[in-house]
1. For the range 297-311, check the following and say yes or no: at least one residue is aromatic (Phe, Trp, Tyr) and assigned to a helix (DSSP H, G or I).
2. Suppose the filter is on the phi < 0 side of the Ramachandran plot, touching a residue at least 24 places away in the same chain (Cβ under 8 Å) and not in a helix (DSSP H, G or I); does VAL319 pass it?
3. Mind checking which residues of the range 325-351 are away from the ligand (no atom under 16 Å from the Cβ) and of a type outside the set (D, E, K, R)?
4. Would you check if ARG88 is open to solvent by 30 Å² or more (accessible area, probe 1.4 Å), modelled with pLDDT of 95 or more, closer than 18 Å to GLY9 by Cα and not in a loop (DSSP other than H, G, I, E, B)?
5. Within the range 233-249, is even one residue out of contact with any Leu (no Cβ under 9 Å at 6 or more places or on another chain) and within 16 Å of the ligand (Cβ to nearest atom)?
6. Could you list all residues from the range 63-83 that are touching a residue at least 24 places away in the same chain (Cβ under 8 Å), open to solvent by 50 Å² or more (accessible area, probe 1.4 Å) and out of contact with any strand residue (DSSP E or B) (no Cβ under 7 Å at 6 or more places or on another chain)?
7. Please work out which one of (1) open to solvent by 40 Å² or more (accessible area, probe 1.4 Å); (2) more than 20 Å from ASP307 (Cα to Cα); (3) away from the ligand (no atom under 11 Å from the Cβ) is the condition ARG358 fails and give its number.
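The values are calculated or read from the model by the stated rules, or taken from the named source; none is laboratory data. Since this is a predicted model, take the numbers as computed values, not measurements. For neighbour counting, all protein chains shown are included, and Cβ atoms are generated from backbone atoms with ideal geometry for every residue, glycine included. Ligands, DNA and RNA are excluded from the accessible area calculation, which covers all protein heavy atoms including side chains. Shrake-Rupley method; radii C 1.70, N 1.55, O 1.52, S 1.80 Å.
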Amino acid sequence: MKIISINAGSSSLKFTLFEMDNEEVIASGVFERIGIEGSKYTIKYNGEKIEQEIELLDHTDAVKVLLEKLIDLAIIKSLDEIKGVGHRLVHGKDKYSKSVIITDEVIEDLEAFREFAPLHNPANVLGIKAFREALGEDTLMVGVFDTAFHQTMEKEAYLYPVPYKWYENYGVRKYGFHGTSHRFMALSMKEILGRENFKMISCHIGNGGSICAIDNMKCIDTSMGFTPLAGIMMGTRSGDVDPSIIPYVMEKEGKNASEVVDDLNKVSGLLGLSECSSDMRDILSNIEQGNEQALLAKKKYVRRVVDYIAQYYVLLGGVDAICFTAGVGENSVPVRKEICESLACLGVKIDLELNEKRGEFVKLSTDESKILVYVIPTDEELMIARDTLNLIQNR
Ligand code: AMP
C-alpha cells in the first residue's frame, strides 16, 4: 500500500512516497519557492535526481505537478495507488494528543490555532486543501501533530509560574515541538531494548533543537515551550533567556517587542554568539581557523544541551538511555563528544572511534557506560506514514 508523507511550509512542500508493505521510500522530493519567482522541484527516485524550474503559483499547483510527475515518471501507474496522505501539522494545541483523520473540524482547528504557529498552521492548511482538491474527499488524509507527543506532560511540567489566568484565558503553557521525532526515538529505543518500561532523554539537535524526557514511552517534559523559541540554544534561536532583556533592548534599539523577539528567533543562537554562522559545520571550521567567538558559541551550545540532560536525568530519577538525532546530533562528532564528556560524572562513557561515524545508527556507549548512548537518525516522514497507515487500517 502506498502512502505519501507531506510537510508543507509557507513556500515549500516536501514529500516522501512510501511502499508501506516494506516501509521502503519509493520517491521523495521538494517543491520550493512556491508562489515566488524561480520556483522549482526536485524529485529523487530509483537513484536518480530530477530538478526542474517550473512556475508554481500556489500549493495547489505544486501538488498538481507532483502527482502528474509521479505518473509521468512511472513511479505510480494511477492516483488510486495512493491510499493515504499524511500531513505533518505543527500545532494542535491541547486538543490533539495523537494523530487523527483530517476532517473539516481539524482544518477549522488549524485555522483557529494559527496565532500559536503563524508561519506553519496556515501552510499546513494550504497543503491539506491542495491534496483534497487533487485527490478528492475519498482519499484518506491524516494529521500528525508536532505537539501531540508532549500532551502527556503533567500540569506541573507544562505550566509556567505566571498568573494562572494567562493559561486559562489565553492558553499560555508549554506545548513542546519535534514530538514526532521524539516519539520515533522512543519507539526505536523500545525496539533496541525489547521493552517499554525504560527512561530516556531524547536530544533532537539540528538547526532547531529540543530535548525530551521520556518515561515508559511518555513525554514527561521537553525543552521547547509556548513556542519553538524556548529551551536549548539553536542555530539562530536563543532558547531560554530572561524575558526582561526584551523591554531593555526595545528601549536601547528603538524596536518594538515583536522585532526583538524576531532577533531572538533569527539572529541569536550560534549565529548571534559566533557572529559568523548558524550552521554547526561552519562553526567547527571557524574554530579550526582559531575563531574565538565560534569556539565560545560551540561551548555555550554544548552547555545548554548538557543543562537540560542534567535536569531531566534528575527529573526522571536516572535514565537508561540518551539518544542523539537531527543534523548536529547525527553528524557533529565534536559536539557529541563534548556533550558526552560533560556527562562523565553520570557514568556516561562513549567509544570515540564509533563516535566518528556520521549520519548512521550507532551505539556510542561502551560496555562500562552506566547509560546507553545511541545515535538514531530520525525519520519523521516514516512516522507520519506509519500513523496514516494505522488510521486507515483501524478506521
Ligand atoms: P537539521 O535542522 O536537522 O537539518 O540540522 C542542521 C544542522 O546540522 C546544521 O547546524 C548543520 O551544520 C548540522 N550538520 C549537518 N551535517 C553536519 C556535519 N557533517 N557536521 C556538523 N554539523 C552538521
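1. The initial filter retains those residues of the range 297-311 that are aromatic (Phe, Trp, Tyr), namely 301, 308.
Keeping just the survivors that are assigned to a helix (DSSP H, G or I) gives 301, 308.
Within the range 297-311 (the criterion being aromatic (Phe, Trp, Tyr) and assigned to a helix (DSSP H, G or I)), the answer is yes, since at least one residue qualifies.
2. On the way: on the phi < 0 side of the Ramachandran plot: yes; touching a residue at least 24 places away in the same chain (Cβ under 8 Å): yes; not in a helix (DSSP H, G or I): yes.
Yes.
3. Narrowing the range 325-351 to residues away from the ligand (no atom under 16 Å from the Cβ): 341-351.
Listed by number, the residues that qualify are SER342, LEU343, ALA344, CYS345, LEU346, GLY347, VAL348, ILE350.
4. Values: open to solvent by 30 Å² or more (accessible area, probe 1.4 Å): yes; modelled with pLDDT of 95 or more: yes; closer than 18 Å to GLY9 by Cα: yes; not in a loop (DSSP other than H, G, I, E, B): yes.
For ARG88, the condition - open to solvent by 30 Å² or more (accessible area, probe 1.4 Å), modelled with pLDDT of 95 or more, closer than 18 Å to GLY9 by Cα and not in a loop (DSSP other than H, G, I, E, B) - is met.
5. no
6. LYS64, LEU79
7. ARG358 satisfies all of (1) open to solvent by 40 Å² or more (accessible area, probe 1.4 Å); (2) more than 20 Å from ASP307 (Cα to Cα); (3) away from the ligand (no atom under 11 Å from the Cβ) except (3).
Yes/no per residue for (1) among the β-branched types (Val, Ile, Thr); (2) over 26 Å from VAL335 (Cβ atoms):
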{"position": "LYS165", "(1), (2)": "no, yes"}
{"position": "LYS174", "(1), (2)": "no, no"}
{"position": "HIS178", "(1), (2)": "no, no"}
{"position": "SER188", "(1), (2)": "no, no"}
{"position": "GLU196", "(1), (2)": "no, yes"}
{"position": "ILE201", "(1), (2)": "yes, no"}
{"position": "ILE220", "(1), (2)": "yes, no"}
{"position": "GLY231", "(1), (2)": "no, no"}
